[in-house]
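The values are calculated or read from the model by the stated rules, or taken from the named source; none is laboratory data. Remember, predicted model here, so these are calculated numbers, not experimental data. All Cβ positions, glycine included, derive from the backbone under ideal geometry; neighbour counts span all protein chains shown. Heavy atoms of the whole protein, side chains included, go into the accessibility calculation; ligands, DNA and RNA do not. Shrake-Rupley method; radii C 1.70, N 1.55, O 1.52, S 1.80 Å.
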Amino acid sequence: TLDESRTPEGLTQSRYPSWLPQYIPPFSLFWIGMMHDLWWYRGDVEFLRGYLPGVRNVLVWYENGLSPSGLLGRQDWWNFVDWPQDFDDGVPPLEKDGQSSMLSLQFAAGLRAAADLEASYGDPARAAHDRALASKIAAAVYKACWDPTRHLVADTPARKRFSQHANILAILEDSIPAADQPAVMKTLLSDASITQATYYFRFYLFRALKKVGM
């Protein structure tokens, strides 16, 4: 299982078993999301309970990487997000210190998925911690990356590059105030100058469309 692939530092491997180990940290967050889906659709609590320690270890690895701004700092390994041409081998734009709105918001999503699991069959105090940290990260992304001129969340605090990806995640994680989300989504669909999601990431585009009632 993916749980058996976890390294001593807590991350799952991105493919397992494999003669060539590969580590994509966001996939460890998606592993938590997979468990959340199983819990949500099937309520398979007893099967999932034993994986909570692994969930917590993934989140600790990420939490240890937070910078003073509230965004993630530079992360090890391959921080793949999507395959648009202007991402470097699938990795989104980063500040010199590694800050990225996308990677930070993916961590927030993992925290919220884990919080639901903890509240259902784990530790309510951990659930509260995870939810509070997710909200803190979402607020930090808005503070650091919201561009009031373009009315979009930028890919990094430098506010030089913009993507559907960052704003899709900002909508899904309520980094952008709810009242502004429909207008942001309309911009994402009409402004071809921003980096476009490929087939892989359009799953989240449709989730964001649903969230804003479009």
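Give the residue that is farthest from Gly43 (Cα to Cα), with candidates limited to residues of segment 108-124 that are open to solvent by less than 10 Å² (accessible area, probe 1.4 Å) and of a type outside the set (A, V, I, L, M, F, W, C).
Gly110
Restricting the first residue to segment 101-125 and requiring it to be closer than 18 Å to Lys143 by Cα, which pairs with a second residue that is outside any helix (DSSP H, G or I) and of a type in the set (S, T, N, Q) meet a Cβ separation below 7 Å and a spacing of at least six or different chains?
Pairs found: Ser101/Thr156; Leu103/Gln75; Leu103/Asn79; Leu105/Ser175.
Quick check on my filter: what residues within segment 186-209 are more than 18 Å from the chain's Cα centre (by Cα) and either closer than 25 Å to Gly70 by Cβ or in a helix (DSSP H, G or I) (or both)?
Those that are more than 18 Å from the chain's Cα centre (by Cα) and either closer than 25 Å to Gly70 by Cβ or in a helix (DSSP H, G or I) (or both): Lys186, Thr187, Leu188, Leu189, Ser190, Ile194.
Would you be able to tell me the number of residues in segment 8-47 that are open to solvent by less than 60 Å² (accessible area, probe 1.4 Å) and either in contact with a His (Cβ under 9 Å, 6 or more places away or on another chain) or in a loop (DSSP other than H, G, I, E, B) (or both)?
Adding up the residues that qualify gives 11.
Does Ala113 meet the test of being in contact with a helix residue (DSSP H, G or I) (Cβ under 8 Å, 6 or more places away or on another chain), part of a helix (DSSP H, G or I) and closer than 29 Å to Pro53 by Cβ?
Yes.
To keep it simple, each residue is scored yes or no on (1) open to solvent by less than 70 Å² (accessible area, probe 1.4 Å); (2) polar (S, T, N, Q).
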residue	(1), (2)
Arg126	no, no
Ala166	yes, no
Ile171	yes, no
Pro177	yes, no
Thr187	yes, yes
Thr198	yes, yes
Leu205	yes, no
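Taking the criterion of being over 14 Å from the mean Cα position of the chain (by Cα) and open to solvent by 50 Å² or more (accessible area, probe 1.4 Å), would at least one residue in segment 96-107 satisfy it?
yes
If you go through segment 136-149, how many residues are in a helix (DSSP H, G or I) and either more than 30 Å from Arg49 (Cβ to Cβ) or open to solvent by less than 60 Å² (accessible area, probe 1.4 Å) (or both)?
9
Inspect all residues belonging to segment 67-85 and state whether any of them is assigned to a loop (DSSP other than H, G, I, E, B), open to solvent by 10 Å² or more (accessible area, probe 1.4 Å), of a type in the set (Asp, Glu) and within 30 Å of Lys160 (Cα to Cα).
yes
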